[in-house]
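This report refers to the structure that appears directly beneath it.
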Amino acid sequence: MSVDIKLKRANKVYHEGETLSGVIILSSKEPIQHQGITLTMDGTVSLQLSAKSVGVFEAFYNSVKYTLRCDMRRPLLAKDLVKNCEFIVYSLPQKGKLTPTPVDFSITPESLQNVRERTPLPGFKICGRLDSTNCIITQPLTGELVVENLDVPVKSIELQLVRVETCGCAEGYARDATEIQNIQIADGNVCQGLAIPIYMVFPRLFTCPTLETTNFKVEFEVNVVVVLQDDHLITENFPLKIYRF
């Protein structure tokens with residue numbers, strides 16, 4: 001004997017205001033006796049504890065999960081049947097037209113931050129452009145990068161997508177950054193002056209529209225990382241705003 005939930009939509013994706021519909025399938029070789037079938041819908045937010053600050057309770061927003069639960073109550077000596085079915089809920093698309101915000105950048109030894117004093121740096125100039133830091137979640141992040149001058153050979157050039165979660169209250173806020181995707185856009189010592197395309201698709205399971213509330217925020221950043229042959233890193237950070245249209 002078994003119970004199953006079949007939703008009408010195979011991809012199990014719904015939007016706000018839409019009706020969740022389907023059927024409950026009961027399979028048994030014998031007649032079934034029960035005391036009622038109930039459906040329960042739950043939305044849960046997963047929280048991850050952090051031990052970075054002793055004595056401070058820190059919880060970071062991780063993900064929202066929606067679940068449809070079917071319970072069939074059986075007579076006293078029979079085991080109840082339970083079946084869970086997860087589905088995805090998208091918020092309604094935002095109205096209006098998104099205005100692109102292109103960003104031109106130039107990375108040189110003078111522009112770097114968090115560099116230790118007296119640390120010798122090779123000469124370099126890396127220029128590029130992000131077509132927009134206001135991004136639509138269903139469209140890729142695009143742009144280009146050019147190594148104009150570099151005294152040390154390049155080992156790799158990568159794009160690192162980071163999710164930044166901030167959680168707290170009036171007593172204090174805690175911030176946690178998590179790398180959710182890293183893609184390589186160049187391998188080995190690239191030709192100087194060659195335009196390298198930037199193209200990153202936002203991972204569906206690890207990104208969402210940028211969210212800001214009173215007690216927590218979910219934001220995103222992208223790092224352009226140039227790895228030199230001696231394993232030194234040159235990094236430039238760009239905050240992103242992600243929208244759903």
Check: Which longest uninterrupted range of the chain lacks any GluC sites (Glu not before Pro) assigned by DSSP to a loop state (not H, G, I, E or B) and surrounded by at most 10 other Cβ atoms within 10 Å?
Finding: 17-109
Check: Check Q181: other-chain or 5+ apart residues with amide H under 5 Å from its amide H, H built from backbone geometry?
Finding: L161
Check: Just in segment 97-199: which trypsin sites (Lys or Arg not before Pro) are loop by DSSP and have at most 16 other Cβ atoms within 10 Å?
Finding: K97, R116, R118
Check: What accessible area, in Å² to the nearest ten, does a 1.4 Å probe give for T142?
Finding: 40
Next item on the list: Pairs of Cα atoms under 8 Å, at least six residues apart: use those to get the relative contact order of segment 135-179, whole percent.
Entry: 26
Notebook entry, point to check: V89's amide H: which non-local residues (gap 5+, or another chain) put their own amide H closer than 5 Å, with H modeled 1.01 Å from N in plane and none for Pro or chain starts?
Noted result: Y14
Next item on the list: In whole Hz, with x marking every Gly and Pro, tabulate ³J(HN,Hα) for segment 21-34 from phi via Karplus 6.51 cos²θ - 1.76 cosθ + 1.60, θ = phi - 60°.
Entry: 9, x, 9, 9, 10, 9, 10, 7, 7, 10, x, 10, 10, 8
Item checked: Kirkwood Rh and Cα Rg combined as Rg/Rh, segment 119-244 -> 1.04
Check: Given a 1.4 Å probe and every protein chain left where it sits, what share in percent of the accessible area of the chain is carbon and sulfur?
Finding: 51
Note to self: No solvent, one uniform scatterer per C-alpha: report log10 I(q)/I(0) for the chain via the Debye equation at q = 0.17 1/Å, two decimals.
What the structure shows: -1.26
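Keeping all protein chains in place, calculate the accessible area per residue for segment 148-245 (probe 1.4 angstrom), answer in Å².
53
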Item checked: Distant-in-sequence amide H partners of I136 (H built 1.01 Å from N, under 5 Å) -> Y243
Notebook entry, point to check: If you take the square roots of the eigenvalues of the alpha-carbon gyration tensor of segment 118-175 and sort them as a ≥ b ≥ c, do you get rounded (a/c under 1.5), prolate (a/b over b/c) or oblate?
Noted result: oblate
Next item on the list: Quote the accessible area belonging to V162 in square angstrom, nearest 10, computed with a 1.4 Å probe and with ligands, DNA and RNA left uncounted.
Entry: 10
Check: What nm distance separates the two modelled labels at T44 and N237, each placed 7 Å from Cα along Cα→Cβ?
Finding: 3.3
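If you average the sequence gap of Cα pairs under 8 Å that are 6 or more apart and divide by the length of the chain, what percent do you get for the contact order?
Relative CO of the chain lands at 16 percent.
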Check: Once phi is turned into ³J(HN,Hα) by the Karplus curve 6.51 cos²θ - 1.76 cosθ + 1.60 with θ = phi - 60°, what whole-Hz value does each residue of segment 205-221 show in order, with x for glycine and proline?
Finding: 7, 10, 10, 8, x, 3, 10, 9, 10, 5, 9, 7, 9, 10, 10, 9, 9
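The values are calculated or read from the model by the stated rules, or taken from the named source; none is laboratory data. Everything quoted here is computed from the prediction, not taken from an experiment. Heads up, the Cβs are rebuilt from the backbone with ideal geometry, glycines too, and the neighbour counts pull from every protein chain shown. Note: areas computed on protein heavy atoms with side chains; ligands, DNA, RNA excluded. Shrake-Rupley method; radii C 1.70, N 1.55, O 1.52, S 1.80 Å.
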